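K.L.:
Handing you this structure, nothing more for now.
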Amino acid sequence: MQKSYYNKTSSLVSFAIVSAVALVSSNVYAADAVAPKPWTGGDNIVGPGETISVDESALKSAYSDNPSLNYSAWAHTGDWFVFQNTGLGDVTVTVNGSSGFVPGVTVWATGANPFDGGTEGFGSEISLAGFGTPHSFNATGAMGDDGTLWMANGQGGNVLETLGYAVSGPSHTTDTGWGESILNGAHDVSLTNTFENGIGGSVGAHTASLAFNDLAPGWYTVYVGGTDHTSAGGAYTLTVSAVPEAETWAMLLAGLGLVGWRMRKHHKAAIQATA
C-alpha cells in the first residue's frame, strides 16, 4: 500500500466537501468518448455477499509500458466497466489473467451516477508523446492531473476521485506521457475518505487486485489493460466481490447463537414437562 488513509492531510478537507457536493452534479460536456463493456449476464450491481464477473481480453500494453505513448494508458485498447455497490462493506476488484497477460487495473468513483464516458480531446490536452485524450490518458493520477480532464467531474466527464490502481508490469517514474508515476504493485491514490476507508491489494505475474475497506454505496468505474509491452496480452477474468461489514456478521452470528440457545432452552423445558 502506498500510503495509509490515516495520514491523508487536512489540506484536502475542502476537496472532500467538493466531492460530496458533486455526487449529485451533472456534466454537459460528456460525449461518450469511451463505453463500458457488459458484465456476465448484464449484472453490474454488487451487494453484500455478492460477486459479479466478466471474461475478456486486452492488448499487452493498453494500460502502461507502451513506449510509443511514453508508457501511459491507451483508452481505446483497454476495457472499461462500471458497477454499482449497494451496501457499505469491503469490496475486492481482481483481475486474473492468462499466461500471456500482465494486468493493470484502476478504480474511480463517480458517486450517484455511472461513468458518462468522458469527452474526446477535452481541454486540448496533449501528452508528451503527442497524443490527445483519451487515446492517451493518465490512468494512475488524481482527478485534475494532466491527462485526466477528459473524464474529471466539472471538466469533461463525471469522475469524482481516483481511488487506487494495481500494476503487475514494470514501473515508470520519469518521461511518462502525462508526468504520472506508474508503479508496480497495488496503490492507494485517493485524496479523501469520501468513498472508502483505505485501500490495499496485491499483484502477481498475471494477477492484479485492489481491496477497498468500507467502500461506500454508489457507482464505480474500472479500467483494465496490459502492462508489459514484451508480453503477448490475452484473456483475463475480472471479478468484483463484496462482503458485509464485520459488525453485520457479528450481529448475524450473535443472532444465530441466540436462536440456538432459545431452541435448546425450549427443548429442555419440553423434556422436563414430559418427565
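K.L.:
Go through the range 169-227 and give me each residue that's part of a strand (DSSP E or B) and among the hydroxyl-bearing types (Ser, Thr, Tyr).
P.N.:
If the condition is that a residue be part of a strand (DSSP E or B) and among the hydroxyl-bearing types (Ser, Thr, Tyr), then 202, 207, 209, 220, 221, 223 are the ones that fit.
K.L.:
Based on this model, can you work out whether residue 194 counts as in contact with a helix residue (DSSP H, G or I) (Cβ under 8 Å, 6 or more places away or on another chain) and of a type outside the set (A, V, I, L, M)?
P.N.:
Here the answer is yes, as residue 194 does meet what is asked.
K.L.:
Starting from the range 185-197, keep only residues that are in contact (Cβ under 8 Å) with a residue 60 or more places away in the chain, then list their pairs with residues that are among the basic types (Lys, Arg) whose Cβ atoms are within a distance under 8 Å, requiring at least 6 positions of separation or different chains.
P.N.:
Within 8 Å, the pairs are 188/3; 190/8; 191/8; 192/8; 193/8.
K.L.:
What about residue 64, is it farther than 22 Å from residue 215 by Cα, at pLDDT 95 or above and buried (at least 23 other Cβ atoms within 10 Å of the Cβ)?
P.N.:
In short, yes.
K.L.:
Run residue 11 past the list (1) modelled with pLDDT under 95; (2) in contact with a Gly (Cβ under 6 Å, 6 or more places away or on another chain) and report the number of the one that doesn't hold.
P.N.:
Result: residue 11 passes all but (2).
K.L.:
Another one. Which of the residues spanning the range 83-142 are in a loop (DSSP other than H, G, I, E, B), of a type in the set (A, V, I, L, M) and over 21 Å from residue 171 (Cβ atoms)?
P.N.:
88, 112
K.L.:
Scan the range 192-212 and tell me whether some residue there is in the same structural domain as residue 143 (by TED's automatic domain parsing), within 21 Å of residue 145 (Cα to Cα) and surrounded by fewer than 19 Cβ atoms within 10 Å (Cβ to Cβ).
P.N.:
Checked the range 192-212: at least one residue is in the same structural domain as residue 143 (by TED's automatic domain parsing), within 21 Å of residue 145 (Cα to Cα) and surrounded by fewer than 19 Cβ atoms within 10 Å (Cβ to Cβ).
K.L.:
Do we find a residue being under 21 Å from residue 219 (Cα atoms), among the small types (Gly, Ala, Ser) and in contact (Cβ under 8 Å) with a residue 60 or more places away in the chain anywhere in the range 119-138?
P.N.:
No, because not a single residue in the range 119-138 is under 21 Å from residue 219 (Cα atoms), among the small types (Gly, Ala, Ser) and in contact (Cβ under 8 Å) with a residue 60 or more places away in the chain.
K.L.:
Confirm whether residue 94 is of a type in the set (Val, Ile, Thr), under 26 Å from residue 215 (Cβ atoms), crowded, with 24+ Cβ neighbours inside 10 Å and modelled with pLDDT of 95 or more.
P.N.:
Taking the combined requirement at face value, the residue does not satisfy it.
K.L.:
Among the residues of the range 156-174, is there at least one that is without any contact (Cβ under 8 Å) to a residue 24 or more places away in the chain, in the same structural domain as residue 82 (by TED's automatic domain parsing), of a type in the set (Gly, Ala, Ser) and closer than 30 Å to residue 87 by Cα?
P.N.:
There is no residue in the range 156-174 that is without any contact (Cβ under 8 Å) to a residue 24 or more places away in the chain, in the same structural domain as residue 82 (by TED's automatic domain parsing), of a type in the set (Gly, Ala, Ser) and closer than 30 Å to residue 87 by Cα.
K.L.:
Residues of the range 99-139 being in contact with a His (Cβ under 7 Å, 6 or more places away or on another chain) and either at pLDDT below 95 or surrounded by fewer than 24 Cβ atoms within 10 Å (Cβ to Cβ) (or both), which ones?
P.N.:
99, 135 - these are the residues of the range 99-139 that are in contact with a His (Cβ under 7 Å, 6 or more places away or on another chain) and either at pLDDT below 95 or surrounded by fewer than 24 Cβ atoms within 10 Å (Cβ to Cβ) (or both).
The values are calculated or read from the model by the stated rules, or taken from the named source; none is laboratory data. Keep in mind that this is a model prediction, so the values were computed, not measured. Cβ coordinates were reconstructed from backbone atoms using ideal geometry, including for glycine residues, and neighbour counts include every protein chain displayed.
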